[in-house]
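The values are calculated or read from the model by the stated rules, or taken from the named source; none is laboratory data. From a predicted model like this one, the values you see are computed outputs, not experimental measurements. When we count neighbours, we look across all protein chains shown, and the Cβ atoms used for this are built from the backbone with ideal geometry, even at glycine.
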Amino acid sequence: MNKALYNDYGSWIRKKFDFRVQKISVNAGFSCPNRDGRISFGGCIYCNNKTFNPAYCDNTKSVTEQLSEGKIFFGRKYPEMKYIAYFQAFTNTYSTVDELKAVYEEALECDDVVGIAIGTRPDCISGPLLDYLEALNRQTFVTIEYGIESTNDDTLKKINRGHNFECAKRAVFETAGRGITTCGHIILGLPGENEVESLRQAPIISSLPLDILKMHQLQIIKGTKLANDYNQTPFHLYTVDEYISLIAEYIQYLRKDLVLERFVSQSPKDMLVAPYWGIKNYEFTNLLNNKLNSEGIYQGKKIKAEVGHS
């Protein structure tokens, strides 16, 4: 793979550490304000957390127990591996600062854990928590990953996200301003958003002070409101070729220093309603790279020099 085509996460993380690093997902038992009634009881219309919780990720077990089992899972192939505890399930800043500190620091006390990554919502961050994470970031590796999902407020309302884009923008600026590695997550192909709309949003995402971007295609997951909507009135979902073409165009509007961690997601087959592409993530990446190489496409290609990027 030609690494020069885009700023990939694997190369970036290898520069951060002198050893092999793997994320281990942790379910710390947090809820979500979009589920417990503070904002809504329904949650986002596409969300079913079971799709990304590995078998060892069980909130009836302690953080230490989950990390220990995760290390066994990954350590068979690379015994020398070090780990980043990835607080992934639900909203991992949705508690008091004292309770959050206890959970994060339990993870960091585990052998071979060299940092934490915290998945959360932009409306669940506070000054006191950022104060703590800013100090923690001086001692260890810290990443905060915000679910942005879309820059379009109409879409955010349609998917029952519970916050607007301005909220996400504010959280990203406040976090990045503290020197904390800041990651954003977006979904391409949300209801009402076509290729034109996604490409309109790309420069907006690029303008945020994000260090890392994760993106993936919309998937219809069993047990969600979106699955009910889709079963009643099916709508278009990207084919592999369509999505590759979209990503190839999208990354041309992203600044070159933005690290791209993910292009695609693969939910368990037994939970997936659609689309079923029948390829593994690495196969998708190979297809994407073939297109980029053959067409001379690279990250940032369509950003004009006069706005300060090349």
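Here the condition is being within 22 Å of the chain's Cα centre (by Cα) and either crowded, with 16+ Cβ neighbours inside 10 Å or touching a residue at least 24 places away in the same chain (Cβ under 8 Å) (or both); of Leu246, Leu292, it holds for Leu246 alone. Tell me whether the range 182-198 contains one or more residues that are more than 16 Å from Ile251 (Cβ to Cβ), in contact with a helix residue (DSSP H, G or I) (Cβ under 8 Å, 6 or more places away or on another chain) and among the hydroxyl-bearing types (Ser, Thr, Tyr). Yes: one or more hits.
Somewhere in the range 132-152, is a residue touching a Phe, Trp or Tyr at 6+ places or on another chain (Cβ under 6 Å), closer than 19 Å to Ala202 by Cβ and not in a helix (DSSP H, G or I)? Checked the range 132-152: at least one residue is touching a Phe, Trp or Tyr at 6+ places or on another chain (Cβ under 6 Å), closer than 19 Å to Ala202 by Cβ and not in a helix (DSSP H, G or I). Residues in the range 171-191 that are assigned to a helix (DSSP H, G or I) and either over 18 Å from the mean Cα position of the chain (by Cα) or more than 24 Å from Arg35 (Cβ to Cβ) (or both): 3 in all.
Residues in the range 193-212 that are closer than 16 Å to Ile244 by Cα and touching a strand residue (DSSP E or B) at 6+ places or on another chain (Cβ under 7 Å): Ser198 only.
Scanning the range 87-107 for residues that are over 20 Å from the mean Cα position of the chain (by Cα), part of a loop (DSSP other than H, G, I, E, B) and in contact (Cβ under 8 Å) with a residue 12 or more places away in the chain yields one hit, Ser95.
Checked against the criterion of being polar (S, T, N, Q) and within 26 Å of Asn160 (Cβ to Cβ), the range 232-253 contains one or more residues that satisfy it.
Residues in the range 176-188 that are surrounded by 22 or more Cβ atoms within 10 Å (Cβ to Cβ) and free of Cβ contacts under 8 Å to residues at least 60 places away in the same chain were compared, and the one that is farthest from Tyr46 (Cα to Cα) is Thr182. If we scan the range 156-165, do we find a residue that is touching a residue at least 24 places away in the same chain (Cβ under 8 Å) and surrounded by fewer than 19 Cβ atoms within 10 Å (Cβ to Cβ)? Checking the range 156-165: at least one residue is touching a residue at least 24 places away in the same chain (Cβ under 8 Å) and surrounded by fewer than 19 Cβ atoms within 10 Å (Cβ to Cβ).
Tell me, please, whether a residue that is farther than 23 Å from Pro268 by Cα and at pLDDT below 95 can be found in the range 215-226. No, every residue in the range 215-226 fails to be farther than 23 Å from Pro268 by Cα and at pLDDT below 95. The residue list Tyr230, Tyr243 contains one member that is under 18 Å from Cys47 (Cβ atoms) and aromatic (Phe, Trp, Tyr), which is Tyr230.
Every residue, every condition in (1) at pLDDT below 90; (2) touching a strand residue (DSSP E or B) at 6+ places or on another chain (Cβ under 6 Å), yes or no:
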position: Tyr9; (1), (2): no, yes
position: Gln22; (1), (2): no, yes
position: Asp36; (1), (2): yes, no
position: Asn53; (1), (2): yes, no
position: Tyr78; (1), (2): yes, no
position: Phe87; (1), (2): no, yes
position: Thr96; (1), (2): no, no
position: Glu99; (1), (2): no, no
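Residues being hydrophobic (A, V, I, L, M, F, W, C), in contact with a Cys (Cβ under 6 Å, 6 or more places away or on another chain), buried (at least 20 other Cβ atoms within 10 Å of the Cβ) and not in a strand (DSSP E or B) are entirely absent from the range 211-234. Could you tell me whether the range 273-285 includes any residue that is in a helix (DSSP H, G or I), over 18 Å from the mean Cα position of the chain (by Cα), touching a residue at least 12 places away in the same chain (Cβ under 8 Å) and on the phi < 0 side of the Ramachandran plot? No: the range 273-285 contains no residue that is in a helix (DSSP H, G or I), over 18 Å from the mean Cα position of the chain (by Cα), touching a residue at least 12 places away in the same chain (Cβ under 8 Å) and on the phi < 0 side of the Ramachandran plot.
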